[in-house]
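What follows is a set of notes on a single structure, which appears directly below.
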Amino acid sequence: MDTANETAQVRVEGVWKVFGRKTREAKELAEAGATREEIQTATGSVVAVRDVSFHVAAGETFVVMGLSGSGKSTLIRCVSHLVAPTKGTVELCGTELTQADSAKLRQLRRQKMAMVFQHFGLFPHRKVVDNVAYGLEVQGVDRQDRQDRARELLDTVGLEGWGDHYPQQLSGGMQQRVGLARALAVDPEVLFFDEPFSALDPLIRRDMQDELIDLQMKLQRTLVFITHDFAEALKLADRIAIMNDGAFVQVGTPVEILTSPADDYVRAFTQDAPVAKVLQACTLMKPLDGAVIDPGWPRVSSTTPLEAALPHLLGSTSPVVVCDEDGPPVGLLHGDDVAGVISENRP
Amino acid sequence: MANVTGARRKANGLRTASDSRLARFILAVGAIVVLILLFRLFTNFDVFPESWDIGLADPIDRARRWLINNQTSHWLYTVFLNPITDAIDWGIRRLESILRWFPWYSYPLFTGVGLWWTRGRVAGVLGLAGVALIGVIDLWEESFATLALMGVSVLMSMVIGIPLGIAAWRSDAVARVVRPTLDAMQTMPGFVYLIPFVLLFGVGRVPALISTVIFALAPVVRLTEVGLRTVPQVTVEASEMFGATERQTLRLVRLPQARPAIFAGMNQTTMLAMSMVVIAAFIGAGGLGQVVLRAMQSIEVGKASEAGVAIVIMAIVLDRFSTGIATADPGRDARAIKWLAPTVSAVGIVGGLLGHNKFPESLNWQFAPYVDDATDWARDNLYDIGGSGIGTGPFSDFVTLEFVTPLRELLASDIPWPAMIGIGVVLGLWARGIRLAVGIGAALFAIGFLGMWALSMDTLAQTIVGVAITLAIGVPVGIMSSHNDLLRTALKPVLDFFQTIPSFVLLVPVITLFHVGRIPGIIASVIYALPAAVHYTDLGLRRVPADIHEAAESFGATRSQRLRRVEMPLAAPELMVAVNQVIMLILAMVVIAGLVGGGGLGLEAVRGLRRSDAVGRGFEAGIAIVLLASILDRLTRAIADRLRPPAAV
């Protein structure tokens, strides 16, 4: 964790956001442990985000999962500084946003970050290619260069040939690809995703998730991703933060969350989670540590979901050998560990 | 159990609320009756005492004389007003000379091609023919004067209105000042705008233009602000996230998305400007309005009709153009446009160089004589058909003698003036509360102090008769059209057409049938306000949600039960909005009808505009019109609010 802090690209320390007039009273009550309803009746103010801290390392995908009203949308707006936090600091690529003046903030936004929005936020009066080129236009890149770059990115997200349409002529999934291309066009180090796929049909959502994973493998950007979909969080995240009532309940890797939920609130999500589908063989395997491998043991690749490894484990006492993508074995998957996680999942 | 009592208590609560509302209303009516009786029995307060006239006219006439004497010497003119006058005058002249440089045939061509492009083939052909007709009836020169005035007015309205709209959107402080000002400005009949500018600038095109700009400004300001406010927040956030500056976001994201709203505002502004430019003939704006005005004064109905037709054509073409620009589908007929647009431009330039700018006299043809013949025939035959006592003449007499005159006498003298003020106050109290009541009382007193009591009651009586006729026709038609899509589709172009006609022009056909007097004004005002009555009634009834219709039907309600018990009460606030609109339109028209012998405040205002020794009285009449309009507007709007069902908690 300490090493992650060293290279953290996003540092959020003790961020609060209170909407309303009596922000100080509201904060004091919240610090004393009052619930959101109590604070609202007492002060008329809404505590949207309470005392949230986290770091995101370069190249990491950090997912904030919470139900509607949990404050996750306000949190990402505090982090990207679309909304100024009431208290606390946000640091991005070594610059403190909370101290930056508007010119500095603008410069950071032009160079370091970009955001993909829930309802796409595309400009209906501009062609797709001009939507993608917007960030560059704002920076003053000349027309030919920004158009070239925009078309290049449209190819990347699989929208070659759609540049001269208007966004509203495209399907929802395609519109969000435009949103993604628009964000990538400025070559940002940090990408914010505000529930980008929640407005899409389930099948299209899955395609978009897969595509984002592929892109992230290639680009290795720092992603802060907001979702209300626990399965989506498990699928995309390096680390997940579960948010409730404005505060983080638990922060951990998908495996940590699934295998040791911090409280009943988190457990409620894990119970319905498709654990055997989400967890991969590599997450539960024990390192080889020089153990002797029986050539008769079945072999699976490290990214195989547990579900696919199950048939090998059932009715057998021997472990499954987990191999790297290139072939060499990297660990052993034992039936007991898998059974443990799955039974934890179904109390 | 607890639920049941709760529900019952709630039901009781509702009943007591409506009971007390009814009780308050009965109390108010009772109070009015008692007031009238008391005043009639114990006092002789019939007519507002003349000795209470504060005599505002004299100082205004003095100011007018001073202004005329100092026009060339005082710094107010030399430093401030004259440069404005000169600049505006130069702009109008310049535009007019540019417009006149192009060959005559480029105008029908340009209109035809433009309307074909934005509206389709039929509109194109009609546009071409319509514009050509203006030349054929020999009103070409006058049209250019009107067009130049229109062009500068609309341009100035845009140049002032869009930044003002942006400012109102950006700053709540500005909005707090601008919005009520615009509301008040829209309440006033356009006519009264002329008076103060005549006082300041004398007669001519400049005061005409300034009053036009002020009258027409409201829609573009309002819709610019609305357009900017309704830009989706997420697109603004997206722009911010890319590090756009405020200006960049405004220019690249907000304004383009507000453009349809701004264009809609421009269209409304254009139409308001058109009606005002015509009325501005009263103060020497020239152009087509002047032709109508002169012809009407000498009862040359044919000539007035020709100019009226030219005005209507110009209004419709400008309307179609300004809505067409906003909604154009450039994909259609794009290939034809590719060669037509350059061709028309080339024709325009070549023709201009060749000096083909005069409409050829050989094409002239006047339809005025035929209209005059028809008017003579109508006067001889329709005024009193066969001496039977049936016809437009007896009809006028009937309405005048049975309704307008008695109502005027009732308001002006039979009901003592303190009782009239009392009625106003009680209505205000009932509709909204103490503030409105005090406002109405003060406004009525002010009318009295201006010495305009009797004239205002005359105008009010005409307005009430006009409103009653309009609603008697308009509401049933609106109800029918709300239940019948076919009728609605058939009515739409008719209503659109009548709404496009500048108010002043409506007087022309009416005086052919009814001569001068109060009745043509009332009839013209009915025609003017009918589209609004039908439209808002239809709109209000159509807004009643379908599931409420179905619920009523499922209880076995008949059609008339449904209309009376469910739809009308639910649509009541909208209907009250219809009443409000109708009242304002009728009042505006009744005032203009002062020109054709309508009497009342309008006549006084017209006289003030035309005779320099009557400016003071005209000014007083103008203020009285504004006060009357404000009272009626606030009161009807307050009643509309009252009728709204309580908002969800």
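The values are calculated or read from the model by the stated rules, or taken from the named source; none is laboratory data. Keep in mind that what you see is a predicted model, and the values were worked out from it rather than measured. Cβ placement follows ideal geometry from the backbone for every residue including glycine, while neighbour counts extend to all protein chains displayed.
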The lone exception for B:D414 - which of (1) of a type in the set (D, E, K, R); (2) in contact with an Asp or Glu (Cβ under 6 Å, 6 or more places away or on another chain); (3) more than 30 Å from B:M296 (Cα to Cα) it fails = (2)
inquiry  = Just the residues that are buried (at least 18 other Cβ atoms within 10 Å of the Cβ) and over 24 Å from A:T7 (Cα atoms), please, taken from the stretch A:83-103.
reply    = A:V83, A:T86
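Going by the conditions given, is A:D145 among the charged types (D, E, K, R), farther than 24 Å from A:T222 by Cα and part of a helix (DSSP H, G or I)? Give the steps one after another, and end with the answer.
On the way: among the charged types (D, E, K, R): yes; farther than 24 Å from A:T222 by Cα: yes; part of a helix (DSSP H, G or I): yes.
For A:D145, the condition - among the charged types (D, E, K, R), farther than 24 Å from A:T222 by Cα and part of a helix (DSSP H, G or I) - is met.
Of the residues B:I511, B:I479, only one is among the β-branched types (V, I, T), touching a residue at least 24 places away in the same chain (Cβ under 8 Å) and within 25 Å of B:E574 (Cα to Cα); which? Step through it out loud before you land on a result.
Details: B:I511 fails: within 25 Å of B:E574 (Cα to Cα).
Criteria check complete, one pass: B:I479.
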Condition broken by B:V231, with the remaining ones in (1) part of a helix (DSSP H, G or I); (2) within 14 Å of chain A (Cβ to nearest Cβ); (3) surrounded by fewer than 24 Cβ atoms within 10 Å (Cβ to Cβ); (4) of a type in the set (A, V, I, L, M, F, W, C) satisfied = (1)
message = With part of a helix (DSSP H, G or I) and more than 30 Å from A:A133 (Cα to Cα) as the only criterion, which of A:L258, A:L180, A:L203 stands out?
response = A:L258
message = Being under 23 Å from B:P520 (Cβ atoms), of a type in the set (A, V, I, L, M, F, W, C) and either surrounded by fewer than 23 Cβ atoms within 10 Å (Cβ to Cβ) or in contact (Cβ under 8 Å) with a residue 24 or more places away in the chain (or both): is that true of B:V615 here?
response = no
Hits in the stretch B:496-526 - residues which are at pLDDT 80 or above, out of contact with any Ser or Thr (no Cβ under 6 Å at 6 or more places or on another chain) and either outside any helix (DSSP H, G or I) or closer than 20 Å to B:D372 by Cα (or both) = B:I501, B:F504, B:V505, B:L506, B:L507, B:P509, B:V510, B:P520, B:A524
query = Tell me, which residue of the stretch A:71-99 that is in contact with a helix residue (DSSP H, G or I) (Cβ under 7 Å, 6 or more places away or on another chain) and within 13 Å of another protein chain (Cβ to nearest Cβ) is nearest to A:R11 (Cα to Cα)?
reply = A:L92
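Kindly evaluate B:Q257 against the criterion of being away from chain A (no Cβ under 14 Å), surrounded by fewer than 22 Cβ atoms within 10 Å (Cβ to Cβ) and in a helix (DSSP H, G or I).
Numbers: away from chain A (no Cβ under 14 Å): no; surrounded by fewer than 22 Cβ atoms within 10 Å (Cβ to Cβ): yes; in a helix (DSSP H, G or I): yes.
No.
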query = farther than 25 Å from B:I166 by Cα and either within 19 Å of the chain's Cα centre (by Cα) or buried (at least 20 other Cβ atoms within 10 Å of the Cβ) (or both), is that true of B:I313?
reply = yes
ask   = Looking at B:R100, B:R65, B:R94, B:R119, which one is charged (D, E, K, R) and more than 28 Å from B:V154 (Cβ to Cβ)?
value = B:R65
task = Taking A:R110 as the residue in question, decide whether it is in contact (Cβ under 8 Å) with a residue 40 or more places away in the chain, within 13 Å of another protein chain (Cβ to nearest Cβ), charged (D, E, K, R) and under 28 Å from A:A181 (Cβ atoms).
result = yes
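Yes/no matrix, rows are residues, columns are (1) part of a helix (DSSP H, G or I); (2) touching a strand residue (DSSP E or B) at 6+ places or on another chain (Cβ under 6 Å):
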position	(1), (2)
A:A42	yes, no
A:A48	no, yes
A:F54	no, yes
A:V63	no, yes
A:R77	yes, no
A:L82	no, no
A:T89	no, yes
A:A103	yes, no
A:A114	no, yes
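Could you count how many residues in the stretch A:115-137 are more than 8 Å from every other protein chain (Cβ to nearest Cβ) and either buried (at least 24 other Cβ atoms within 10 Å of the Cβ) or within 12 Å of A:V186 (Cβ to Cβ) (or both)? Walk me through it before giving the result.
Residues of the stretch A:115-137 more than 8 Å from every other protein chain (Cβ to nearest Cβ): A:116, A:127-133, A:136.
So of that shortlist, the ones also either buried (at least 24 other Cβ atoms within 10 Å of the Cβ) or within 12 Å of A:V186 (Cβ to Cβ) (or both) come out as A:116, A:128, A:131-133, A:136.
Within the stretch A:115-137, residues that are more than 8 Å from every other protein chain (Cβ to nearest Cβ) and either buried (at least 24 other Cβ atoms within 10 Å of the Cβ) or within 12 Å of A:V186 (Cβ to Cβ) (or both) number 6.
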query = Looking only at residues in the stretch A:225-270 that are over 25 Å from A:M113 (Cβ atoms) and among the hydroxyl-bearing types (S, T, Y), which one is modelled with the lowest pLDDT?
reply = A:T259
Number of the condition not met by B:V534 [criteria: (1) in a helix (DSSP H, G or I); (2) within 30 Å of B:K303 (Cβ to Cβ)] = (2)
request  = Answer yes or no: is there a residue in the stretch A:20-41 that is surrounded by fewer than 22 Cβ atoms within 10 Å (Cβ to Cβ) and either under 21 Å from the mean Cα position of the chain (by Cα) or within 14 Å of chain B (Cβ to nearest Cβ) (or both).
outcome  = no
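Just checking, which of B:A244, B:A281 is in contact with a helix residue (DSSP H, G or I) (Cβ under 9 Å, 6 or more places away or on another chain) and part of a helix (DSSP H, G or I)?
Values: B:A244 fails: part of a helix (DSSP H, G or I).
Going through B:A244, B:A281 in turn, the sole match is B:A281.
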task = Could you tell me which numbered condition B:G265 fails, if it satisfies all but one of (1) within 13 Å of another protein chain (Cβ to nearest Cβ); (2) touching a helix residue (DSSP H, G or I) at 6+ places or on another chain (Cβ under 9 Å)?
result = (1)
ask   = Any idea how many residues of the stretch B:605-649 are more than 20 Å from the chain's Cα centre (by Cα) and of a type in the set (V, I, T)?
value = 3
ask   = Is it the case that A:S68 is within 13 Å of chain B (Cβ to nearest Cβ) and under 21 Å from the mean Cα position of the chain (by Cα)?
value = no
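Say we look at the stretch A:183-198 and pick out the residues that are part of a loop (DSSP other than H, G, I, E, B) and of a type outside the set (V, I, T); which of these is nearest to the other protein chains (Cβ to nearest Cβ)?
Step one: list which residues in the stretch A:183-198 are part of a loop (DSSP other than H, G, I, E, B), which gives A:186-189, A:195-198.
Narrowing further to those that are of a type outside the set (V, I, T): A:187-189, A:195-198.
Details: A:D187: 12, A:P188: 10, A:E189: 14, A:E195: 12, A:P196: 12, A:F197: 15, A:S198: 13 Å.
Out of the qualifying residues, it is A:P188.
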